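The values are calculated or read from the model by the stated rules, or taken from the named source; none is laboratory data. Quick caveat: nothing in here was measured; it's all calculated off a predicted structure. Here the Cβ positions follow ideal geometry from the backbone for every residue, glycine too, while neighbour counts run over all protein chains shown.
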Amino acid sequence: MTIAKEAVYALHQRLKDLSINAPADQLAYLAKALESIAGQSTVYDIVSMSDEKLQALLDAATAHLASLNTTKTTALSAIDTAKTTSIDAITTTKTTSLTALQTATTTNLSLLDTRKDSNIASINSTGQTQVQALNTLVSNFSSINDVPANSTIMTEVRNRNMIETGSLPFIFGVLSRANDYWGYGDLTSQLGVWYNNVTNADNMLQLLAGAHAQTTNYAGFYKPPQLYFLQGLAGNFIYKEMYTKYAVSTNEYTYPYAGLGVLFIKNTTAADITRTLSFGGSTYWSSGYEGMGLFLANPNNTNANKSSISALTWTNLYNNATSNANLAGTASITIPAGKTVAILFYTSAYYYTGISSYYAQFLHWYIYSFRNGFLTTGLEVDIDRTLRAWQCRGYQYSYEIWK
């Protein structure tokens, strides 16, 4: 189509150049060109055409070309218009979407901010309500628990831990000595006579309370020291056990089980108080290291100056050097004003008989009527010292229990 258009245009231009007097060779050239494009008959038709018809033909071709150009221009203009419209529509849509998004964002942020403020206000309100309830509880507690200034009651409650008011705790254990014969911890004569000797009495408290520097010597227990409580309305505690041991050595009954118990008693008044203690148990006598004895340990300072306590003075209140399965006794005890004393009671296992390569023995240890016969106004069990003695805090000296 493009070649034909160009040929017609060239023909048109050539025709304009030709005249009636054109030489034959030019006409022949033109005719040959037309023949190759449109065929021989067309050339003959064109040659035979008049100038008017040729002019009409050229005018029609020119008009057709102008129409094509106009159509092209119109189509391009329509494309430009559609493009502009589409771009405008896209721009409008973009702007509308961004505006909607910004509006939604602003709305959501405002809503979140409102809810945040509401939640914070709710939390603050709930917190204030709970604080007020706690303040009311504290106020109510204070109104019924008016603790005087400088009172030590809270310290005592904290130190007592699981010890209930009215309980009478003490420490009791059974030292093996040589009664079990084998293994570490045997004790015969190394720590001296106990039943009446105030110089050696501290050895018993050291072993019972774990306030010593021993390693594998002497501290072998058949029943390790434990916290016990005097029982009943009267305040009693009775331990007894009959047992047999294979006869390996006579040391088993000449250095028998030792029943050891200690009570820490506090005088809260400004005057000395004297009371009578009722006790009893078993005793045996053979080697001279058995027997039964009651002792009192008195610190060298008061509870008000406990940091200055550095020694204990021991007193033998009762002793017996016989062989008896059950021997009861009493002793008068004076508790100095403002002090805590330790009442230590020691018994030895009674040797009953030997039969079929066994030794039959009996250990007895008891205190009775302590609550209703010994305790009185101004006297109480020293809970703090009792727990210190029971918990074995790594002391080397027994007086450290008082500090």
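Can you pull out the residues in segment 187-214 that are crowded, with 20+ Cβ neighbours inside 10 Å and either farther than 24 Å from residue 316 by Cβ or acidic (Asp, Glu) (or both)?
202
Table: residues versus (1) over 49 Å from the mean Cα position of the chain (by Cα); (2) under 18 Å from residue 208 (Cβ atoms); (3) surrounded by fewer than 15 Cβ atoms within 10 Å (Cβ to Cβ).
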| residue | (1), (2), (3) |
| --- | --- |
| 274 | yes, no, yes |
| 293 | yes, yes, no |
| 306 | no, no, no |
| 310 | no, no, yes |
| 328 | yes, no, yes |
| 340 | no, yes, no |
| 346 | no, yes, no |
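Tell me, please, whether a residue that is under 29 Å from residue 278 (Cα atoms), surrounded by fewer than 20 Cβ atoms within 10 Å (Cβ to Cβ) and among the hydroxyl-bearing types (Ser, Thr, Tyr) can be found in segment 215-232.
Checking segment 215-232: at least one residue is under 29 Å from residue 278 (Cα atoms), surrounded by fewer than 20 Cβ atoms within 10 Å (Cβ to Cβ) and among the hydroxyl-bearing types (Ser, Thr, Tyr).
Looking only at segment 240-250, how many residues end up being hydrophobic (A, V, I, L, M, F, W, C) and either closer than 27 Å to residue 366 by Cα or surrounded by fewer than 15 Cβ atoms within 10 Å (Cβ to Cβ) (or both)?
Taking segment 240-250 and keeping what is hydrophobic (A, V, I, L, M, F, W, C), we get 242, 247-248.
Applying the additional criterion that residues be either closer than 27 Å to residue 366 by Cα or surrounded by fewer than 15 Cβ atoms within 10 Å (Cβ to Cβ) (or both) yields 242, 248.
Going through segment 240-250 one residue at a time, the tally reaches 2.
Scan segment 312-326 for residues that are under 49 Å from the mean Cα position of the chain (by Cα) and crowded, with 18+ Cβ neighbours inside 10 Å and jot them down. Let's see the steps before the verdict.
Going residue by residue through segment 312-326, those that are under 49 Å from the mean Cα position of the chain (by Cα) are 312-314.
If the condition is that a residue be under 49 Å from the mean Cα position of the chain (by Cα) and crowded, with 18+ Cβ neighbours inside 10 Å, then 312, 314 are the ones that fit.
Only one of 253, 257 is over 16 Å from residue 346 (Cβ atoms), surrounded by 14 or more Cβ atoms within 10 Å (Cβ to Cβ) and of a type in the set (Phe, Trp, Tyr). Can you tell me which? Steps first, answer last, please.
Values: 257 fails: over 16 Å from residue 346 (Cβ atoms).
Being over 16 Å from residue 346 (Cβ atoms), surrounded by 14 or more Cβ atoms within 10 Å (Cβ to Cβ) and of a type in the set (Phe, Trp, Tyr) holds for just one of 253, 257, which is 253.
For segment 88-97, give me the residue count where each residue is at pLDDT below 85 and of a type in the set (A, V, I, L, M, F, W, C).
Residues in segment 88-97 being at pLDDT below 85 and of a type in the set (A, V, I, L, M, F, W, C): 1 in total.
For residues that are in contact with a Phe, Trp or Tyr (Cβ under 9 Å, 6 or more places away or on another chain) and part of a strand (DSSP E or B), scanning just segment 203-235, find the one that is nearest to residue 371 (Cα to Cα).
231
For residue 350, state whether it is of a type in the set (Ser, Thr, Tyr) and touching a Gly at 6+ places or on another chain (Cβ under 6 Å). Before you say what the answer is, go through the steps one by one.
Numbers: of a type in the set (Ser, Thr, Tyr): yes; touching a Gly at 6+ places or on another chain (Cβ under 6 Å): no.
Considered against the rule, which asks whether it is of a type in the set (Ser, Thr, Tyr) and touching a Gly at 6+ places or on another chain (Cβ under 6 Å), residue 350 comes out as no.
Considering each of 399, 368 in turn, give the residue that is surrounded by fewer than 23 Cβ atoms within 10 Å (Cβ to Cβ), closer than 25 Å to residue 233 by Cβ, among the hydroxyl-bearing types (Ser, Thr, Tyr) and in contact (Cβ under 8 Å) with a residue 24 or more places away in the chain. Full working, then the answer.
Details: 399 fails: closer than 25 Å to residue 233 by Cβ.
Being surrounded by fewer than 23 Cβ atoms within 10 Å (Cβ to Cβ), closer than 25 Å to residue 233 by Cβ, among the hydroxyl-bearing types (Ser, Thr, Tyr) and in contact (Cβ under 8 Å) with a residue 24 or more places away in the chain holds for just one of 399, 368, which is 368.
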